[in-house]
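Worksheet for the structure shown next.
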Amino acid sequence: MEQPPVEKLLSWQERELKKCEEKLEQWARFENDYKQLQHRLSTIADKVSHEVMVPLNSMAFMPGHLIHTNEILVLLGDNWFTVRSSKQAQDIVERREASCHRFPKTRLQRVVLVSHLQKEPPVAFATVAGGIAKEEPGDFNEEGKSGAGVWEEKFEALKNAVVKGEQGLLDDRLVLRGLHHLLRSNTDPESHVLLCFEHRVMWRARKMRLHNLCYCLSFHVLHQETPIQKKLVEVLCEEIQLRVATIKSVNDIVRLLELSDHLGGAKFMLTVQDRALHLMSTFSQHEICFLVEALARLQLRPTPLLQAVAFYLGKKGGFLSLKDAVSLLNAFKILSFPDLAVLRWVSEAVVSGLATTERVPLVAACFTSVGQLRWRHLELLESCASWIVSHASDCRQQDVVACLLALARVQYVPEDSSQLFALFTDHLCKESLTSSAPFVWLDVVWCLATLGKVQCDHLDSVFKPEFYKPLLEDKSFAGSTARQKLLNLAAVNDLEFTKKPRIPKDVLDTLMEGCMSFEEGPLQHSVKEALANIAPSGKYLLLGPELPYGIPADAEMVVDKNLHPVSLESPASPDHKRVALVVLDFKDLTLHTSVPTGCNALRLRLLKRLGYAVLEVPYTEYDDREPVLKKVQYLQQKLKMCINDLGPL
């Protein structure tokens, strides 16, 4: 017959008390041994040798001499030894003695706790177990709502049990939810009921599961008004920190990362990340995806952990649902960690998952992530574009805009573009967007111009004063980017639609006011220095030129038919060719390719329309670590190639 609950509790208390007392005795012996060893080490180096009795076994000894008295062999653990001087050995013994003195304090607290529990009157389990403990977990939620009347009745029974010390073997979750309910109800911090709950949680903390400790800490850190509340938070933090080495699940890893600010900050976070690295090989594919999404949500970017994630995702492979694939793309976009192998695997999962999904928002989210990642995966883009066309009737306006923005960002026009751009025309109503969402309509027109699909009526719509003037009044970042996009569209209007009326000069002057400036990076600086060996800056090389329509270029120069630099002040000649330097850094190219992003492709196109030979220098070809001679030779070769692509002025 099973032992009654009260007897089980009393038996457990006896066992715990006995274990604690045995541990205290053991640590007291350790401390005494270290004290004797410390005394011995303090005098061992006084002589060259010492007479000692060497033990042969437990009963036999023989006289001997102890030599090399300043060389102590120290056991580090796990059968690893090291040689230290007697002074260094004393320091080690001193630290171990301090540990022996510190550890019994926690055991002593345990003895006091168990002794206190033994003095409490026997618990009447019948009412408590029958009224509360046997309820299904689903009957309680963190909002305290499963039906107001039912919850109040259950909470009253729980409160009475805790106040009377009759909580017995109640599940920890019930006690914690009761405490949470009291704190959310703005109960007086000095309330007897609240104090009882807090004391019970403090006593049970060392037996609680880690996820319950984390749950309690997550809400109690906001309530530290009284000494007992501060003490409870301190106990929870100490107990959680002691259990980091025992973590086995990805859920616990995520909980601790969420609470790391209250548990020791960056140092504790590194400990949790190290534990996650240790467990990574045991996590399933779904658990690893969950961890990556959590890192993105918390905006944490531990490079070693992300590298391990990429390795194990590539190693495990296998099936990946469309939802998980899109979530991974979004997470890698937030974390700015686009691993090539993982991106290819995720892209294949998206392509295969499109055949079985009817969820338009999921595909739109995929477009958004792909665009922001600058991931130009042709099969993925083609499949998603075809899916959008085949589900046109289900697409919302924002879904179509997400598709257009992504295609423009990665500079890709699908094979069957006629149907797709017809879909854009049908779903993106100019009249409604220009009034309700002017920034969105400007993005739409700019994307069409980037892809070479803009029409005259599109350009006319954005250069109406009632449309663009409110955009220019916006002083935020969105207003600055709108100004730059309007300048791009003005250049497209004047340079590519030659039969249309040109944009008035006063409008261009207004757009040029407060135009965004482009910062020079290390790569741009290095290329300009190398180019100055061909065309010295100042007379022959103009750095950061102010070109029409605010089109950015890193430098401008003029060369003759022999590719020799010509003074910038020289009169124009048919043999002279203008050259614009454009340095394409990592952010200017699509991911893992040499194809420029949409805005840079448009910039190159407009520079050529202005009559410039564009000297493109992508970061994938230019190595700053090369000798100056090789860098100059590379630039000369690129200069020759770009001049050959341009006829005489």
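Just so you know, all these numbers are worked out from the coordinates, no wet-lab data involved. Please read these numbers as outputs of a predicted model, since none were measured by experiment. Methodologically, a virtual Cβ is constructed for each residue, glycine included, from the backbone with ideal geometry; neighbour enumeration extends over all protein chains shown.
Let me have the 222 nm mean residue ellipticity of the chain computed from DSSP H runs of 4+ only, each contributing -39500 (n - 2.57), with the sum over all residues rounded to the nearest 500. Here the helix-only value at 222 nm equals -19000 deg cm²/dmol. Within the straight-line cut-off of under 26 Å between alpha carbons, the lysines reachable from Lys528 are Lys539, Lys561, Lys577, Lys587, Lys608, Lys630, Lys631, Lys638, Lys640, sequence neighbours fewer than 8 places apart in one chain being disregarded. Karplus-based coupling profile of the stretch 248-265, in residue order and whole Hz: 10, 10, 5, 4, 5, 4, 5, 4, 5, 5, 5, 9, 4, 4, 9, 10, x, x, with θ = phi - 60° in 6.51 cos²θ - 1.76 cosθ + 1.60 and x standing for Gly or Pro.
Averaged over residues, the count of other Cβ atoms within 10 Å places the peptides 525-531, 42-48, 250-256 in the sequence 250-256, 525-531, 42-48, highest first. Computed from phi, the 3J(HN,Hα) profile of the stretch 525-542 under the Karplus parametrisation 6.51, -1.76, 1.60 (θ = phi - 60°) reads 4, 5, 5, 5, 4, 5, 5, 5, 6, 8, 10, x, 5, x, 7, 10, 10, 9 Hz, with x in place of Gly and Pro. Translational diffusion of the stretch 378-462, estimated by Stokes-Einstein from the Kirkwood radius over alpha carbon pairs at 4 °C in a medium of 1.567 mPa s, is 100 µm² per second.
Converting phi to 3J(HN,Hα) with the Karplus coefficients 6.51, -1.76 and 1.60 and the offset θ = phi - 60°, the stretch 349-359 yields 5, 5, 4, 6, x, 5, 5, 10, 10, 10, 8 Hz in sequence order, with x at every glycine or proline. Averaging over all projection directions, the Cα-based convex hull of the chain occupies 47.8 nm² in the image plane. What the Cβ-Cβ distance of Phe219 and Leu563 gives, at R0 = 56 Å and to the nearest 0.05, is a FRET efficiency of 0.20. Modelled spin labels at Lys469 and Glu626, positioned 7 Å past Cα toward Cβ, are 5.3 nm from each other.
Counting only aspartates and glutamates at least 8 places from Lys231 when in the same chain, those with an alpha carbon closer than 13 Å to its own are Glu198, Glu239. Spread over its residues, the convex hull of the C-alpha atoms of the stretch 42-99 is 117 Å³ per residue. The mean sequence distance of close C-alpha pairs (under 8 Å, at least 6 residues apart), as a share of the length of the stretch 249-301, puts its relative contact order at 43 percent.
Taken over the stretch 522-644, the alpha-carbon convex hull comes to 105 cubic angstrom per residue. Projected label points at Glu379 and Ala422, each 7 Å from Cα along the beta carbon direction, are separated by 2.9 nanometres. Between the beta carbons of Leu547 and Lys315, assuming R0 = 45 Å, the FRET efficiency works out to 0.35 to the nearest 0.05. In this structure, the amide hydrogen of Val614, modeled 1.01 Å from its nitrogen in the peptide plane, lies closer than 5 angstrom to those of Ala580, counting only residues at least 5 positions away or on a different chain. Computing FRET efficiency as 1/(1 + (r/R0)^6) for Ser436 and Ser336, where r is the C-beta to C-beta distance and R0 is 35 Å, gives about 0.60. Under the rule a/c < 1.5 gives rounded, and otherwise a/b versus b/c splits prolate from oblate, where does the stretch 318-441 land using the Cα gyration tensor? The shape class here is prolate.
Excluding same-chain neighbours fewer than eight residues apart, the lysines reachable from Lys154 by a Cα-Cα span under 22 Å are Lys134, Lys145, Lys164.
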